[in-house]
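Just so it is clear, none of the values below were taken in a lab; they were calculated from the coordinates. Everything quoted here is computed from the prediction, not taken from an experiment. As a convention, Cβ positions derive from the backbone with ideal geometry for all residues, glycine included, and neighbour counts pool all protein chains shown.
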Amino acid sequence: MQACKQVILAMSLGLTSMMALADQHHSPANTITTVKQAFTANNDTPVRLTGYIVKAMGDEKYQFRDDTGLITVDIDIDKLQGQSLSAKNKITIHGEVDIDHKPRKQVEIEVDQIKF
């Protein structure tokens, strides 16, 4: 019985440590703020990018530009809040890095929220 309690305690501590690491990973200090940084970040790294949508690519994909470069962003239509995207209007997008390795490595941003 004592061994069982120790196993449960060890599992609980492990889960707590994993949750602390996850919170640290998504803290504002670890948030990517430029397109250039996004290309070297790990999958699921949080981003907060400010710039412009410069091109609609179809299938909810857009080309996003900031002062450091261009990247493809995936924006579900419900995230647009009825607003239209324009190269003239600066926006801030919140989301995470999405890396696909097949057939070749592609880095995109999966957008969770847009601030117009």
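Observations on the model:
- Around the Cα centre of the stretch 47-116, unit charges on the Cβ atoms of Lys, Arg, Asp and Glu (plus for the first two, minus for the last two) sum to a dipole of about 360 debye.
- Multiplying the residue separation of Lys105 and Leu70 by 0.36 nm and subtracting their alpha-carbon distance yields 11.0 nm.
- Cα-based radius of gyration of the stretch 31-115 once divided by 2.2 N^0.38 Å, which approximates compact folds: 0.99
- Ranking of Tyr52, Tyr62 by count of other Cβ atoms within 10 Å, fewest first: Tyr52, Tyr62
- Inter-label distance for Lys79 and Asp59, nm, one decimal - labels placed 7 Å from Cα along Cα-to-Cβ: 1.6
- Lysines whose Cα lies under 27 Å from that of Lys115, excluding same-chain neighbours fewer than 8 positions away: Lys36, Lys55, Lys61, Lys79, Lys88, Lys90
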